[in-house]
Amino acid sequence: MTTFVDRVEIHVVAGNGGHGCASVHREKYKPLGGPDGGDGGRGGDVVLVVDRDVTTLLEYHHRPHRKATNGKPGAGGHRTGAAGEDLVLPVPDGTVVLGRDGQPLADLVGEGTTFVAGQGGRGGLGNAALASPRRKAPGFALLGEPGEERSLVLELKTVADVALVGFPSAGKSSLISVLSAAKPKIADYPFTTLVPNLGVVTAGSTVYTVADVPGLIPGASEGKGLGLEFLRHVERCSVLVHVLDCATLEPGRDPLTDLDVIEEELAKYGGLDDRPRIVVLNKTDIPEGQDLAEIVRPDLAARGLRVFEVSAVSRKGLKDLSYALAELVGRAREARPKEEATRMVIRPKAVNDAGFTVTAEGEGFFRVRGEKPERWVRQTDFANAEAVGYLADRLNRLGVEEELVRAGATEGDGVAIGDEDDAVVFDFEPSMVGGAEMLGRRGEDHRMSELRPAVQRRKERDARRRDARQDTAQREFEEFDPFD
C-alpha cells in the first residue's frame, strides 16, 4: 500500500457568497417601512497551511476534491448572512504549488506559511444597502458571487540541509540511521528505500537535517528507476554527499564510475552545480573495501573533493563526517540573504485606466472584459427587470456604453460581457439618460418591459383609463355653458 506521495493534483472549490435579501419592513400602521434586506455572507476560502506534523501528500492522493462551505443568504430586519467557514488544508513543509500549466504559484516553506488556493465569493448586497435618494425601495438584491474553482498540482520538495545520493544499496540508509535517530528500512537488496528518509543530526552547536534520496541509477533523470521521482528532493539541500560503495560485487562498478554516473544524472536534472560536494567511501570495515578506498582516494582528492572513509557498522569516521557537514551547512546558512519583513506595496490605478476593455469580434459583435463588469453580471438576478436596469445603470456610469459607441457599436449589435465560456450576451440599446427616471413600480424597469407581459398589460390598461379620463374631461368641457 502506498504510504508516501510527493506529487498530487487537487481540485479546490471555494464557497459561494450568500445572496442578498430583498425585503421591506412591515408593522402595524406602517405597511411600507423602508427596505431592510440584509447582505449575504461571504463564501469560505480554501487555504493551504504548512504543518510540521504532515510529511506526505497521501491524504490528497485519496481525496483530491475539496470544497469550502457557502455563505448564508441575508434576511429581513437588516440581518446579514453568516460567512462560510474557511477550509484549511495542512501540507508538508517544502510544498510547491503549481498551476495546471506548470507555472509555480507558491513555495510553502516554514511552519505556518499559508496560501489561499481558492478565494471565497463575495456576499450579495441586500436591498437596504442598495437604497438611495433616487431609489428609495429597491425591489431586488444582488446575488452572491461563486467561489473560485481551481485545479492545482502539489509537489513536495524535502527541506533538508544535506542530501545523501548514490546507487541503491550503497549504504545511505545505514549511514543516516547511525548519524541520526532515524530508523529507515534496511535490507541487502536494491531499492529497499522507496521514500526519502529524513534525520536530524547534532554536531557540536549545529543542528542540521540529512535526507536520504533513494533510487538513483543510470538514466534516473530520464525516468528510469525511482530517481526522477525523488531528484526534486535534492533541490533544497545545501550540501550533497556522494555515498560510494567500496564493497560492491556488481561487475563494471567501482567508486569512481559510480561517482561519474551520479554526477551525470545530477547535471542532466540541472540546478545543482553550485552545491558543495563531499565523498563518503562507505563499508571500509571490510578488508576489500578498505583496500579499494585507499586506491581511489588519491584520484578523488585530485578532483578537489573532500573524502571521508566511514563504516556504518563500526561507526568509523562518522564523527569527523558529521562535523565536516556541520561546517558546510553553517557556511551555507551564513551565505543566505537575511529574510526581511514583507513590505506592503501599493500600486495605484492609472488615471486613464477604466478597468475594462471593449474589443470588436466580427461585424456587429463586441466583447467587454473587466473585473467590475464581469462581477456585476454575476451578481445580477436576470429574472428581475429592476435588477437588470440597475446593472445597465452601473455599466453606463462606468463608461461601458460610451466606449461601445466609440468602438463603433450601433443599436441592435451583440454585446458579450465575460469570457467565451461564461459570457452574458445583450442587444446593444444605447441610452442617454440615467436609470432612476426610468423606474416604475418596485421590481420593474421600462427598458425590460417587453420581457414582462404582465407589466405590458398593466401599462395598456393604465393608458386606456388615462384616455378615458381625457375623453370625459374633453366632453364635459365642450358641454359646459358659462351662461347656463
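The values are calculated or read from the model by the stated rules, or taken from the named source; none is laboratory data. Keep in mind the model is a prediction, meaning the values are calculated, not measured. All Cβ positions, even for glycine, are placed from backbone atoms using ideal geometry, and neighbour counts span all protein chains on display. Please note that ligands, DNA and RNA were not included when accessible areas were found on the heavy atoms of the full protein model with its side chains. Shrake-Rupley method; radii C 1.70, N 1.55, O 1.52, S 1.80 Å.
Among the residues of segment 132-139, are any of a type in the set (A, V, I, L, M) and within 25 Å of the chain's Cα centre (by Cα)? No: segment 132-139 contains no residue that is of a type in the set (A, V, I, L, M) and within 25 Å of the chain's Cα centre (by Cα).
Only one entry in L300, L328, L259, L281 is in a helix (DSSP H, G or I) and within 17 Å of A170 (Cα to Cα), namely L259. Given the criteria among the hydrophobic types (A, V, I, L, M, F, W, C), modelled with pLDDT of 75 or more and under 28 Å from V96 (Cβ atoms), does V195 qualify? So V195 does not fit the description; no. Scanning segment 35-50 for residues that are farther than 21 Å from L130 by Cβ and outside any strand (DSSP E or B) returns G44, D45. Residues of segment 383-428 being among the aliphatic types (A, V, I, L, M), within 23 Å of P146 (Cα to Cα) and open to solvent by 60 Å² or more (accessible area, probe 1.4 Å), which ones? Passing the criteria: A383, V425.
Going through (1) crowded, with 22+ Cβ neighbours inside 10 Å; (2) of a type in the set (G, A, S); (3) part of a strand (DSSP E or B); (4) at pLDDT 90 or above one by one, A163 falls short only on (4). Only one of the numbered conditions (1) over 24 Å from the mean Cα position of the chain (by Cα); (2) more than 23 Å from Q119 (Cβ to Cβ) is violated by R52, and that is (1). Considering only residues in segment 255-275 that are open to solvent by less than 50 Å² (accessible area, probe 1.4 Å) and touching a residue at least 40 places away in the same chain (Cβ under 8 Å), the one that is nearest to V310 (Cα to Cα) turns out to be P255. Across segment 119-138, the qualifying residues are those that are out of contact with any Lys or Arg (no Cβ under 7 Å at 6 or more places or on another chain) and basic (K, R), and the one among them that is least open to solvent (accessible area, probe 1.4 Å) is R135. The sole residue among G389, G412, G408 that is in a helix (DSSP H, G or I) and either modelled with pLDDT of 85 or more or closer than 13 Å to F366 by Cβ (or both) is G389.
Of (1) in a loop (DSSP other than H, G, I, E, B); (2) open to solvent by 30 Å² or more (accessible area, probe 1.4 Å); (3) out of contact with any helix residue (DSSP H, G or I) (no Cβ under 6 Å at 6 or more places or on another chain), V116 satisfies all except one. Which? Only one criterion in (1) in a loop (DSSP other than H, G, I, E, B); (2) open to solvent by 30 Å² or more (accessible area, probe 1.4 Å); (3) out of contact with any helix residue (DSSP H, G or I) (no Cβ under 6 Å at 6 or more places or on another chain) is unmet by V116, namely (1). Just wondering, is there one or more residues in segment 429-448 that are at pLDDT 75 or above, more than 29 Å from G41 (Cβ to Cβ), open to solvent by 60 Å² or more (accessible area, probe 1.4 Å) and touching a strand residue (DSSP E or B) at 6+ places or on another chain (Cβ under 8 Å)? Within segment 429-448, not a single residue is at pLDDT 75 or above, more than 29 Å from G41 (Cβ to Cβ), open to solvent by 60 Å² or more (accessible area, probe 1.4 Å) and touching a strand residue (DSSP E or B) at 6+ places or on another chain (Cβ under 8 Å).
Reported count of residues in segment 20-76, each being in contact with a Gly (Cβ under 8 Å, 6 or more places away or on another chain) and basic (K, R), is 4.
Kindly indicate whether any position in segment 81-98 is of a type in the set (G, A, S) and under 26 Å from R135 (Cβ atoms). Looking through segment 81-98, at least one residue is of a type in the set (G, A, S) and under 26 Å from R135 (Cβ atoms). The conditions of being open to solvent by 10 Å² or more (accessible area, probe 1.4 Å) and either basic (K, R) or more than 40 Å from the chain's Cα centre (by Cα) (or both) are met by D285.
Every residue, every condition in (1) assigned to a loop (DSSP other than H, G, I, E, B); (2) at pLDDT below 95; (3) touching a Cys at 6+ places or on another chain (Cβ under 6 Å), yes or no:
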| position | (1), (2), (3) |
| --- | --- |
| R52 | yes, yes, no |
| T55 | yes, yes, no |
| H61 | no, yes, no |
| G71 | yes, no, no |
| D93 | yes, yes, no |
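Taking each residue of segment 360-373 that is touching a residue at least 12 places away in the same chain (Cβ under 8 Å) and looking for partners that are aromatic (F, W, Y) with beta-carbon atoms closer than 7 Å, six or more apart or interchain, yields A360/F366; V368/F356; R369/F356; G370/F356; K372/F356; P373/F356. Residues of segment 258-283 that are of a type in the set (V, I, T) and at pLDDT 85 or above: I278, V279, V280. Checking each residue in segment 294-325 for being open to solvent by less than 10 Å² (accessible area, probe 1.4 Å) and within 24 Å of G199 (Cβ to Cβ) picks out V310, S311, L321, A324, L325. If only residues of segment 61-101 that are closer than 29 Å to T209 by Cα and within 15 Å of the chain's Cα centre (by Cα) are counted, the one that is most open to solvent (accessible area, probe 1.4 Å) is V88. Scanning segment 9-43 for residues that are open to solvent by 10 Å² or more (accessible area, probe 1.4 Å), more than 19 Å from A75 (Cα to Cα) and either more than 18 Å from the chain's Cα centre (by Cα) or hydrophobic (A, V, I, L, M, F, W, C) (or both) yields V13, K28, Y29, K30.
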